[in-house]
1. Go through segment 437-446 residue by residue and tally those that are touching a Ser or Thr at 6+ places or on another chain (Cβ under 9 Å) and modelled with pLDDT of 90 or more.
2. Which of the residues belonging to segment 393-410 are free of Cβ contacts under 8 Å to residues at least 40 places away in the same chain and either more than 22 Å from Val369 (Cβ to Cβ) or among the acidic types (Asp, Glu) (or both)?
3. Could you check His210 against (1) surrounded by fewer than 20 Cβ atoms within 10 Å (Cβ to Cβ); (2) modelled with pLDDT of 95 or more and say which number it fails?
4. Name the residue, out of Ala384, Ala354, that is buried (at least 16 other Cβ atoms within 10 Å of the Cβ) and either within 16 Å of the ligand (Cβ to nearest atom) or assigned to a loop (DSSP other than H, G, I, E, B) (or both).
5. So how many residues does segment 295-327 have that are more than 25 Å from Arg92 (Cα to Cα) and within 16 Å of the ligand (Cβ to nearest atom)?
6. Among the numbered criteria (1) at positive phi; (2) at pLDDT below 90, which one does Asn149 miss?
7. So, in segment 388-420, of the ones that are surrounded by fewer than 12 Cβ atoms within 10 Å (Cβ to Cβ) and outside any helix (DSSP H, G or I), which residue ends up nearest to the ligand (Cβ to nearest atom)?
8. Can you confirm whether Tyr386 is under 22 Å from Thr314 (Cα atoms) and among the hydroxyl-bearing types (Ser, Thr, Tyr)?
Amino acid sequence: MKKIIASFAVLVSMAACNNNDSAPDDSDGLAAFSGDSLAHHIAVLADDSLLGRKPFSEGEVKTLRYLEQEFKQVGLEPGNGSSYLQEVPMVRISTQADQQMEIKGVNKALNLEGFNDFVIWTDKTDSSISLKDAEIVFAGYGVVAPEYNWNDYAGLDVRGKVVMILVNDPGFNAGDTSLFKGKAMTYYGRWTYKFEEAGRQGAKGCLIVHETKAASYPFTVVQNNWNGSRLRLDNRGKKESLCDMIGWVSADAAKQILAAAGKDSTLLATADRRGFKGQPLGLQLSVNMKVKAEYNMSHNVIGKITGSKYPGETIIYTAHWDHLGVGKPDETGDSIYNGALDNASATAGLIELARAFKSMKQKPERTIVFLSVTAEEQGLWGSAYYAQNPVYPVKQTLANINMDGLNYYGKTKELIVVGRGQNDLEDILQEEAKKVGRDIAFETKPEGGSYY
Ligand SMILES: [Zn+2]
């Protein structure tokens, strides 16, 4: 989903002028914006009584009630049939992994230490996961990308085995702009993709080798996942090819694994070159995990304004309503993560944007959908569910503009586009920004992969 950090004025005029040559006058819509209303919504949504808006909590119930009431009040029609809600069934998977991972080579055995050397979990809901003497295969970046003529799994049989792969994509380390997108991370560089691909290949396990630069965050971030719990969509009844075990090993642990195989890190560098061939390392891995799965229902909130001329064509504005809930207290003893900026601000913005559209004398020609999604903080699940179960046909959905944290810096000259060149909204944005004396700028660290 494209993230455009933009000011309100530009967003409104952009959407309004998207309608072709007979662009409506948007000044009456812009005039409807009220700083006081925005502040009021933020104050309500970030109030302690909403307990940090965590999915499934009392905070969710109160948040949904408020959004539904406000959507009705500004005059939005229900966006999902006769309802303002879309149910999002989810599962919380908690894992308890063995403290040690055993790796055996022909002459050498190695015990890796949980948390320090490896962090593993599972997307499966079986009550226990057991890997016993699973072969380890080095599979480069674990990428199958026909458009870049690249297949790290070519000629490899990884069924029932554990693949060890690198983070990011071949263009990153090679620094070669003709490989993938050079330094800029592609979707293939993300760990979520790598785990999915390993599952599709039939691997039983997938371990990504952590490198701070290539991952764009330190191993301590990975360690936050140690024996924790994660949300996923409840995919019971759907066919999924998932690995039993997924996770990371530290760069140092990877060195030890390679040494046990009689190799060194020069093997990893071969993955940056065209013609790379993966290979079994002649090592067997054993580890177990206990798993607990709890099912629960969260909700997206959805309202719409039916288009006057092309009602079948849709433009969607999104902002996630959830935040982190209640956690560790700060020095004052306050344990509620209110999330005023992230993302009460843009959720408030969504309501006010709806009011602005409703205030326009000339009604929007296309259907405008206002979608406040759940569980962004734990993996963008509300968005993922909507994308898999769209209420409005994807083919007739012309644009999705997502808002995450409104600008609180004051007036700015530039609008930053994350994920340059991914779609043509960028061109419209540039034109509209110019009209209000602004310009667009591009993110400074595309290798971080924030776009994804
Ligand atoms: Zn956010």
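1. Residues flagged as touching a Ser or Thr at 6+ places or on another chain (Cβ under 9 Å) and modelled with pLDDT of 90 or more within segment 437-446 amount to 1.
2. Listed by number, the residues that qualify are Tyr409, Gly410.
3. With respect to (1) surrounded by fewer than 20 Cβ atoms within 10 Å (Cβ to Cβ); (2) modelled with pLDDT of 95 or more, His210 is out only on (1).
4. Unique residue meeting the criteria: Ala384.
5. The qualifying residues number 1.
6. Unmet condition: (2).
7. Narrowing segment 388-420 to residues surrounded by fewer than 12 Cβ atoms within 10 Å (Cβ to Cβ): 388, 393-395, 408-411, 413.
Applying the additional criterion that residues be outside any helix (DSSP H, G or I) yields 393, 408-411, 413.
Numbers: Pro393: 27, Tyr408: 14, Tyr409: 17, Gly410: 21, Lys411: 23, Lys413: 24 Å.
Residue satisfying both the conditions and the ranking: Tyr408.
8. yes
The values are calculated or read from the model by the stated rules, or taken from the named source; none is laboratory data. Quantities reported herein were computed from a predicted structural model and do not represent experimental measurements. Note that each Cβ is placed from the backbone with ideal geometry, even for glycine, and that neighbours are counted across all protein chains shown.
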